Ligand code: HEM
């Protein structure tokens, strides 16, 4: 656990705010000099590529989700008899309601897409390695919180998929030996999915959104201690760095504009592309849909859940696929960070992305026939990458003389 002193980037000297009132405030509450130090003058490696835009994109989408979510919550009824009708009212009668909902739904999908890109970027460039372990762990905390929030949000419209998705998730939780039934009862609140369940999930969804904001603040704080990594993976000297503003303000804004174009196209031209038609039918406990499947971003985990023969085994595999990411900084002890400089690791990463997508396709095709075999191979590869390939690469690289 011991290591060299933490910060890798050159700390920016603090300049007190000049001028009467501002300097008076700043001497008592250093928000102005703090803003200058942590944003305007903050030194950034000059070589960051477009993949470093996704943190800013995630932050912007998070703000949008909170803003649209608060207005949706003001018009939503968290009861089994009222939820679906209140969402219909938002769509059809509330002025601009259709737009709020389209933005919130598209936002959820694109948030998850940006999150996966952000995560795989970190894996590829070794951003989890010291001194950024806590930054990585806080990111994974965010991933779990975002997943819970997205799942809870999907339940709220109380359509067919909301209901039956919750039913499948409840049964999966109930399959944990010993404490499963208790956990299922805590989650569902009564023997039938209804008012208590919806109310619980509404509170959870609302609360988690704000808890996420707090953890993002910690995440960014940790980033400001170590400074950002970069595509080369080596510490960048001050002479190859630039101040955040105006360079990265412009770069982040350009990325946001491109992202906004995709967002607007999906939300307003193809609002149904990412949504499930079955969820436009009110929940009916007496009628199981022909196909129960989660939103696209949960499909890889759904695929894993189904590829393992026992229910509990599937649950372990799905949970394990995320939990394993928490120990990556300690599975990969190589001094070389970026996969750009690690050919075996680079190929392994390409395989990892393919395995992840394949697991998603397996989830989509319900792990039947050939898909079942494909799912098992993809699952073996996914875990093999972290438990075998990465430690082996690291061991070989640790034996190489450092340059
Ligand atoms: C609510 C979700 C999240 C938000 C709002 C967020 C925000 C940010 C921001 C603003 C940055 C700096 C800009 C950038 O590097 O792109 C950043 C960096 C970083 N994030 Fe996140 N993040 C989130 C989730 C995650 C997740 C799930 C992980 C993965 C475990 C993660 C790992 C990292 C790492 C390792 C860095 C430093 C990257 C580097 O400099 O190489 N973050 N994040």
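Assorted remarks:
- Residue tally, condition part of a helix (DSSP H, G or I) and either away from the ligand (no atom under 12 Å from the Cβ) or surrounded by 15 or more Cβ atoms within 10 Å (Cβ to Cβ) (or both), over segment 221-242: 8
- The single condition among (1) in contact (Cβ under 8 Å) with a residue 40 or more places away in the chain; (2) touching a helix residue (DSSP H, G or I) at 6+ places or on another chain (Cβ under 6 Å); (3) surrounded by 19 or more Cβ atoms within 10 Å (Cβ to Cβ) that residue 133 does not meet is (3).
- Residue within segment 154-165 that is under 14 Å from residue 198 (Cβ atoms), in contact with a strand residue (DSSP E or B) (Cβ under 8 Å, 6 or more places away or on another chain) and surrounded by 17 or more Cβ atoms within 10 Å (Cβ to Cβ) present: yes
- For segment 33-76, a tally of residues being away from the ligand (no atom under 12 Å from the Cβ), without any contact (Cβ under 8 Å) to a residue 12 or more places away in the chain and under 24 Å from the mean Cα position of the chain (by Cα) returns 2.
- Residue check for residue 331: under 20 Å from residue 366 (Cα atoms) and surrounded by 16 or more Cβ atoms within 10 Å (Cβ to Cβ): no
- The single condition among (1) within 16 Å of the ligand (Cβ to nearest atom); (2) assigned to a helix (DSSP H, G or I); (3) in contact with a helix residue (DSSP H, G or I) (Cβ under 7 Å, 6 or more places away or on another chain) that residue 147 does not satisfy is (3).
- Just one residue in the set 196, 186 is at pLDDT below 95, surrounded by fewer than 19 Cβ atoms within 10 Å (Cβ to Cβ) and either assigned to a helix (DSSP H, G or I) or not assigned by TED's automatic domain parsing to the domain that holds residue 49 (or both); that residue is 186.
- Filter result for residue 84 (modelled with pLDDT of 95 or more, touching a strand residue (DSSP E or B) at 6+ places or on another chain (Cβ under 6 Å) and not assigned by TED's automatic domain parsing to the domain that holds residue 360): yes
Listed here are the residues, each with its yes/no results for (1) within 16 Å of the ligand (Cβ to nearest atom); (2) touching a residue at least 12 places away in the same chain (Cβ under 8 Å); (3) in contact with a strand residue (DSSP E or B) (Cβ under 6 Å, 6 or more places away or on another chain).
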position: 250; (1), (2), (3): yes, no, no
position: 268; (1), (2), (3): no, yes, no
position: 275; (1), (2), (3): no, yes, no
position: 293; (1), (2), (3): no, yes, no
position: 313; (1), (2), (3): no, no, no
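- Subset of segment 78-129 [in a loop (DSSP other than H, G, I, E, B) and either surrounded by fewer than 16 Cβ atoms within 10 Å (Cβ to Cβ) or away from the ligand (no atom under 16 Å from the Cβ) (or both)]: 78, 79, 80, 81, 82, 93, 94, 95, 96
- Index of the failed condition, residue 215 passing every other in (1) within 28 Å of residue 82 (Cβ to Cβ); (2) in a helix (DSSP H, G or I): (1)
- Residues of segment 352-403 satisfying the condition of being more than 16 Å from residue 304 (Cβ to Cβ), surrounded by 16 or more Cβ atoms within 10 Å (Cβ to Cβ) and touching a helix residue (DSSP H, G or I) at 6+ places or on another chain (Cβ under 8 Å): 389, 390, 393, 394
The values are calculated or read from the model by the stated rules, or taken from the named source; none is laboratory data. Keep in mind that what you see is a predicted model, and the values were worked out from it rather than measured. Every residue, glycine as well, gets a Cβ built from its backbone with ideal geometry; the counts of neighbours run over all protein chains shown.
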